[in-house]
Amino acid sequence: MGLKKKKNKFMKKLSIFQSYQPKIKKVDLLLYSKLVGMLIKKGKRIGIKKSVDSAFVKLSKTLNLSISFIFYKLFTHLNTFVEVKQFKKYQKITFIPFSVTTKRRYYLVIKWLIQAIRKNQKKKSLSSKIFEEVVLILENNITSSMALRLKRLNNRQAFLNRSNMHFRW
């Protein structure tokens, strides 16, 4: 009898947690899982997952958009086709633009988003920092969004160093 009560309590907790989970399509699940995976420090997966979930649920409610559409817009705003890498020959450093695969694009989007969140020095929770940065990205606010500035810096470096493309061997 006591075992059934424990099982029922566990199932109620599980159903509450499952209803809390945002509904994400398989395509956007890649961005979501990479974001959670890159934010994890010292194995605190559940706390990070809750803060990311709460940020995107809050975004979904305030913007009246689905979470999948928010991830899609996030990817399209931060997507780039070129990455600049450093190449050192003798003592001269040259910046060489490379074309980027789709997998690398996903990584760069998440990397720039996390860098922007970590550079935010305000005494706020992680979910509110994620919320603020994603709203700035969706508004395409280049002056305030750190992630968009990082993307713009990358594209500017690629444009300025396009003459070094012949070094890609």
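When the residues of region 83-109 are filtered to those that are polar (S, T, N, Q) and assigned to a strand (DSSP E or B), which remaining residue is surrounded by the most Cβ atoms within 10 Å (Cβ to Cβ)? Filtering first and then ranking leaves Thr94.
In region 150-169, of all residues being touching a strand residue (DSSP E or B) at 6+ places or on another chain (Cβ under 8 Å) and assigned to a loop (DSSP other than H, G, I, E, B), the one that is modelled with the highest pLDDT corresponds to Asn161.
Number of residues in region 139-149 that are modelled with pLDDT of 90 or more, surrounded by fewer than 19 Cβ atoms within 10 Å (Cβ to Cβ) and either of a type in the set (S, T, N, Q) or under 13 Å from the mean Cα position of the chain (by Cα) (or both) equals 1.
All conditions in (1) more than 12 Å from the chain's Cα centre (by Cα); (2) aliphatic (A, V, I, L, M); (3) part of a helix (DSSP H, G or I); (4) surrounded by 14 or more Cβ atoms within 10 Å (Cβ to Cβ) hold for Ile46, with the sole exception of (4). Close Cβ contacts (under 6 Å, 6 or more residues apart or on different chains) running from residues in region 123-137 that are modelled with pLDDT of 90 or more to residues that are of a type in the set (Lys, Arg) and in a helix (DSSP H, G or I) comprise Phe131/Lys58.
Selection of first residues in region 58-79 that are part of a helix (DSSP H, G or I) and surrounded by 17 or more Cβ atoms within 10 Å (Cβ to Cβ) and of second residues that are charged (D, E, K, R) and at pLDDT 90 or above, restricted to Cβ pairs under 7 Å at least 6 apart or on distinct chains, gives the following pairs, ordered by first then second residue: Leu78/Lys151. Do the conditions hold for Lys58, that is, is it under 18 Å from Leu136 (Cβ atoms) and over 15 Å from the mean Cα position of the chain (by Cα)? It is true that Lys58 is under 18 Å from Leu136 (Cβ atoms) and over 15 Å from the mean Cα position of the chain (by Cα).
The values are calculated or read from the model by the stated rules, or taken from the named source; none is laboratory data. A quick note: this is a predicted structure, and the numbers were derived from the prediction, not measured. Quick reminder, even Gly has a Cβ in these numbers, built from the backbone with ideal geometry, and neighbours come from all protein chains shown.
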